[in-house]
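What follows is a short report on a single structure.
The values are calculated or read from the model by the stated rules, or taken from the named source; none is laboratory data. Keep in mind that this is a model prediction, so the values were computed, not measured. For neighbour counting, all protein chains shown are included, and Cβ atoms are generated from backbone atoms with ideal geometry for every residue, glycine included.
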């Protein structure tokens, strides 16, 4: 006979004391750390424990007795369910303060390296509608909110287009409005939803791997261009015709879409890196602009999602690089070559390395587009491209700029950087924790001399950080 599980406790009138990782807050109850989403320090709440371990618990606020004095009213109707923008309940000034502390804590507790005074974080002028890229999934398994479940109403249609629910990989919350991008995202998403429901097109079933509509990606740019990529799962002639009819409807009714693309994805995941993207209408790219430079951005390209704040980030990186026009610069994880092209006018030569071949193609186009003849780009895995032989062939860099993914740099990459022994390293990071780990690996040969946090993602706990390291022996 199976042992009966003990019911999880209700913790009454608990005061939230601080912020914690992953956008959650924390309370201490009888020595137990309790992590809670969608609350802020100073809130007094009843907490229903949802998961309990020996040293910590995860809980949900089920009743508010008193709200914190430092609190904001969430502006999105999907707050608390969607899983994004978890810090809407915090005033933006408080968000910046906690992000500054997050950087400080990571570099001191994880990195354990000598630090200069950390500069005040650069806040974003726009704290909503700041993203230039969004992705929405289609699913025939709509996530029902607690209120919808409690109502007892049976829904005839369970199709949804919106965001995946954390912890429920095949469920999607139907999104009516999203404030992360301008109104174009709501107009397009809701218009497409209306069309496909009216015409009986099928939404993807992730478990059964059937259904025509899988995903839509939307990109916008400062030039006013809009890219829309629809991801289909076409398995019949009838579905192919339905897909073409939908694309034709978008072309005729949304002329603001300058790049209308599609891909047929029969795989078990939504990644498109290895798939052919087809152009239905317009161009297969859009342009972004920055300080007189133009950047071609394709459907597979990486480009910072907060365009305006990316400019501030790149200005910090260029300032930290301290270029005089005589330096050889290596730009690691270069993406579409944005940083490489941004600093090229101040350098003798810039070499960029990136994993995605299509991004490198765009980087080369961007260099030609901007009349730059002192850049050179390579595609491949960083640890395989950046080797001692590579450095012997192309030259020992004076400056390395590195902007790795959240996981940070591979150990082999760190070793090669140490071998290259540049005078300065500019480390741009979207994850201060892994940045701190890498700084510790570099600490024997390099000293951290400047630190500048930059907020790229208002309403979330995420923060970018730029660190300047200088070689200890000059």
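Table for the structure above
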quantity: Residue 366 vs. criteria outside the structural domain of residue 220 (by TED's automatic domain parsing), farther than 25 Å from residue 410 by Cβ, touching a strand residue (DSSP E or B) at 6+ places or on another chain (Cβ under 8 Å) and buried (at least 23 other Cβ atoms within 10 Å of the Cβ); calculated: yes
quantity: Of residues in the stretch 316-347 being surrounded by 18 or more Cβ atoms within 10 Å (Cβ to Cβ) and more than 20 Å from residue 404 (Cα to Cα), the one farthest from the chain's Cα centre (by Cα); calculated: 327
quantity: Residue within the stretch 319-329 that is assigned to a strand (DSSP E or B) and closer than 24 Å to residue 449 by Cβ present; calculated: yes
quantity: Residue within the stretch 185-204 that is in a strand (DSSP E or B) and surrounded by 15 or more Cβ atoms within 10 Å (Cβ to Cβ) present; calculated: yes
quantity: Count of the stretch 1-27 residues which are out of contact with any strand residue (DSSP E or B) (no Cβ under 8 Å at 6 or more places or on another chain) and either surrounded by 15 or more Cβ atoms within 10 Å (Cβ to Cβ) or closer than 19 Å to residue 71 by Cβ (or both); calculated: 1
quantity: Sole exception among (1) under 22 Å from residue 186 (Cβ atoms); (2) surrounded by 13 or more Cβ atoms within 10 Å (Cβ to Cβ) for residue 252, by number; calculated: (2)
quantity: Residue selected from the stretch 130-168 under the condition in contact with a helix residue (DSSP H, G or I) (Cβ under 8 Å, 6 or more places away or on another chain) and exposed (fewer than 14 other Cβ atoms within 10 Å of the Cβ), by the criterion modelled with the lowest pLDDT; calculated: 155
quantity: Of residues in the stretch 424-452 being assigned to a loop (DSSP other than H, G, I, E, B) and crowded, with 16+ Cβ neighbours inside 10 Å, the one farthest from the chain's Cα centre (by Cα); calculated: 443
quantity: Positions within the stretch 82-115 being in contact with a helix residue (DSSP H, G or I) (Cβ under 8 Å, 6 or more places away or on another chain) and assigned to a loop (DSSP other than H, G, I, E, B), in sequence order; calculated: 86, 87, 90, 112, 113, 115
quantity: Residue 72 under 29 Å from the mean Cα position of the chain (by Cα), modelled with pLDDT of 95 or more and either loosely packed, with under 12 Cβ neighbours inside 10 Å or under 24 Å from residue 167 (Cβ atoms) (or both); calculated: no
quantity: Sole residue being more than 30 Å from the chain's Cα centre (by Cα) and surrounded by 15 or more Cβ atoms within 10 Å (Cβ to Cβ), chosen from 30, 46; calculated: 46
quantity: Which listed residue, of 132, 186, is free of Cβ contacts under 8 Å to residues at least 40 places away in the same chain and closer than 24 Å to residue 297 by Cβ; calculated: 186
quantity: Boolean, residue 408 is farther than 19 Å from residue 465 by Cα and surrounded by fewer than 24 Cβ atoms within 10 Å (Cβ to Cβ); calculated: no
quantity: Hits in the stretch 453-474 - residues which are assigned to a strand (DSSP E or B) and buried (at least 22 other Cβ atoms within 10 Å of the Cβ); calculated: 453, 454, 464, 465, 466, 467, 468, 469
quantity: Residue that is under 25 Å from residue 299 (Cβ atoms), free of Cβ contacts under 8 Å to residues at least 40 places away in the same chain, touching a helix residue (DSSP H, G or I) at 6+ places or on another chain (Cβ under 8 Å) and not in a loop (DSSP other than H, G, I, E, B), where the choices are 218, 230; calculated: 230
quantity: Residue that is nearest to residue 338 (Cα to Cα) [pool: residues in the stretch 387-413 that are touching a strand residue (DSSP E or B) at 6+ places or on another chain (Cβ under 6 Å) and assigned to a loop (DSSP other than H, G, I, E, B)]; calculated: 403
quantity: Filter result for residue 300 (free of Cβ contacts under 8 Å to residues at least 24 places away in the same chain, assigned to a loop (DSSP other than H, G, I, E, B) and either touching a helix residue (DSSP H, G or I) at 6+ places or on another chain (Cβ under 8 Å) or more than 21 Å from residue 188 (Cα to Cα) (or both)); calculated: no
quantity: Failed criterion for residue 325 (all others in (1) more than 12 Å from residue 375 (Cβ to Cβ); (2) in contact (Cβ under 8 Å) with a residue 24 or more places away in the chain; (3) assigned by TED's automatic domain parsing to the domain that holds residue 404 hold); calculated: (2)
quantity: When residues of the stretch 373-382 are limited to those that are in contact with a helix residue (DSSP H, G or I) (Cβ under 7 Å, 6 or more places away or on another chain) and closer than 20 Å to residue 356 by Cβ, the one surrounded by the fewest Cβ atoms within 10 Å (Cβ to Cβ); calculated: 378
quantity: Residues within the stretch 225-271 that are within 26 Å of residue 287 (Cα to Cα) and at pLDDT below 95, tallied; calculated: 2
quantity: All positions within the stretch 52-69 that are within 29 Å of residue 8 (Cα to Cα), part of a loop (DSSP other than H, G, I, E, B) and at pLDDT 95 or above; calculated: 67, 68
quantity: Which numbered condition residue 350 misses (of (1) in a helix (DSSP H, G or I); (2) buried (at least 20 other Cβ atoms within 10 Å of the Cβ)); calculated: (1)
